[in-house]
Amino acid sequence: MFSFLGVLLCTVLAFKECLCVTNSETRLMANIIEEYNPRVRPVSQQNDTVMVTLGMSLHQIIDLNEKKQILVSNMWIRQSTCKINVAFFPFDEQNCTLKIGSWTSDGLRLDLIPESEQGETENFVNNGEWDLIEIKAQRNVIYYICCKEPYPDVTFILRIRRRTLFYYMNLLIPCFLLTGVNFLSFSLPPDSGERITLVVTSLLTMTVFMLLVAEIMPPVSDVVPIISIYYVAAMFLVGMSMAATCLVLRCYFRTANRMSMSLPLRFFVFHVLGRIVRFKTTSDIRTPNSYGRIKFETSHSRSTSVQPKTNDPLLKSSHHVTSRTKHDDLIVRHLGSIANIMEEKMESQKQIEEWQEAAIIIDKFFFWLFIVVAVAGTLIVFLQNPSTQH
């Protein structure tokens with residue numbers, strides 16, 4: 001019985017002592033806060049300088065809004081501005097700065113120094129869109145025009161690199177495929193009737209992807225993103241392929257009665273472009289005067305064949321023979337007309353075939369030209385990637 005009372009008495013005394021300590025601590029904090037002025041610097045002498053050491057421990061990059069240019073991170077300051085440089089998007093590296101300084105106290109009263117040159121990243125959680133390269137800390141001392149005292153600050157620079165796999169799969173590879181599909185239009189026969197439709201569809205699809213890129217980018221006019229340059233170049237190439245397709249179709253379906261192929265054009269297409277694309281023509285390349293020569297020889301042979309010989313005594317003496325001669329002359333004239341018509345049709349058909357062969361040569365030339373331009377343009381654009389230059 002006495003032991004139980006002793007334990008109970010000790011418990012009550014210990015609780016009373018803890019309660020007294022808690023009440024004393026509460027009264028002490030209340031008195032300190034009540035008399036505390038946050039504007040007073042913690043110095044013993046008025047001329048002393050308060051030394052503040054700053055460090056950064058970044059735990060996570062939550063988001064970087066390119067359009068609003070806001071960095072959301074997990075540290076004591078949750079949001080900060082970050083000027084985005086979109087010149088090499090989506091292969092860009094961004095430097096987000098966080099400047100910490102005092103506007104109320106100059107450097108003679110409050111001095112700021114970095115804890116270390118590098119920020120702490122031991123507990124950093126990887127982000128799905130950005131890779132953290134490094135965190136630099138540097139001390140700056142600025143003298144303003146209004147005051148002669150220095151104003152120090154500590155600036156933390158977050159260097160981050162964008163991960164490009166998402167943009168490769170959703171923006172770049174579709175553009176490559178659309179450009180390749182556009183080149184396949186040159187492999188279709190000119191008389192298929194679907195070439196213009198294929199090119200227009202590719203152009204409209206690239207326009208949609210261009211709108212997706214514009215939704216991501218901030219509305220700035222300082223620089224043009226590298227991906228926008230590539231899309232504009234690809235759309236320009238598709239537009240030029242449409243113009244080339246129209247030219248090929250115009251040559252392929254040209255009728256012979258419109259205009260015959262001139263000598264300079266014939267030489268350039270068949271002898272220059274034909275050798276470049278290694279195309280062997282099947283039609284005879286004739287001069288423009290060949291048709292006139294054939295017609296003249298036909299009419300001349302016909303006139304000599306139907307002209308009667310006045311020195312023949314049999315023709316003079318026989319009326320029957322004369323009538324047969326006139327009949328034969330009529331037949332020959334009709335045969336000559338038929339021969340001329342057939343000759344004109346053959347000549348017209350040969351000119352049509354000549355235009356069709358010229359269209360095929362031009363088509364092959366534009367096909368290889370656009371492939372070379374597309375590959376060269378792609379290499380020129382994407383070799384400007386900062387990661388490929390190091």
Please find, within segment 336-380, the residue that is surrounded by the most Cβ atoms within 10 Å (Cβ to Cβ) out of those that are within 17 Å of residue 280 (Cα to Cα) and among the acidic types (Asp, Glu). 363
Could you grab me the full set of residues in segment 100-133 that are free of Cβ contacts under 8 Å to residues at least 40 places away in the same chain and of a type in the set (Lys, Arg)? none
Scanning segment 239-262 for residues that are farther than 30 Å from residue 346 by Cα and touching a residue at least 60 places away in the same chain (Cβ under 8 Å) gives 240, 241
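Listed here are the residues, each with its yes/no results for (1) assigned to a strand (DSSP E or B); (2) closer than 14 Å to residue 65 by Cα.
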{"residue": "86", "(1), (2)": "no, yes"}
{"residue": "91", "(1), (2)": "no, no"}
{"residue": "94", "(1), (2)": "yes, yes"}
{"residue": "97", "(1), (2)": "yes, no"}
{"residue": "104", "(1), (2)": "no, no"}
{"residue": "107", "(1), (2)": "no, no"}
{"residue": "112", "(1), (2)": "yes, no"}
{"residue": "131", "(1), (2)": "yes, no"}
{"residue": "134", "(1), (2)": "yes, no"}
Quick one: residue 302 ticks every box in (1) surrounded by 15 or more Cβ atoms within 10 Å (Cβ to Cβ); (2) at pLDDT 70 or above except a single one, so which number is it? (2)
Scanning segment 169-217 residue by residue, the ones that are polar (S, T, N, Q) and under 12 Å from the mean Cα position of the chain (by Cα) total 2
Picking from 135, 142, the residue that is surrounded by 14 or more Cβ atoms within 10 Å (Cβ to Cβ), at pLDDT 85 or above and under 30 Å from residue 73 (Cβ atoms) would be 135
Index of the failed condition, residue 177 passing every other in (1) closer than 30 Å to residue 365 by Cβ; (2) touching an Asp or Glu at 6+ places or on another chain (Cβ under 8 Å); (3) surrounded by fewer than 17 Cβ atoms within 10 Å (Cβ to Cβ): (2)
Among residues of segment 211-238 being among the small types (Gly, Ala, Ser) and surrounded by 14 or more Cβ atoms within 10 Å (Cβ to Cβ), the residue nearest to residue 168 (Cα to Cα) is 228
Can you tell me which residue is farthest from residue 131 (Cα to Cα) among those in segment 91-120 that are buried (at least 16 other Cβ atoms within 10 Å of the Cβ) and touching a Lys or Arg at 6+ places or on another chain (Cβ under 6 Å)? 114
Scan segment 27-42 and tell me whether some residue there is surrounded by 10 or more Cβ atoms within 10 Å (Cβ to Cβ) and at pLDDT below 70. no
Residue within segment 124-145 that is under 30 Å from residue 215 (Cα atoms) and in contact with a helix residue (DSSP H, G or I) (Cβ under 9 Å, 6 or more places away or on another chain) present: yes
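The values are calculated or read from the model by the stated rules, or taken from the named source; none is laboratory data. Every value quoted in this text rests on a predicted model; they were computed, and no experiment measured them. For neighbour counting, all protein chains shown are included, and Cβ atoms are generated from backbone atoms with ideal geometry for every residue, glycine included.
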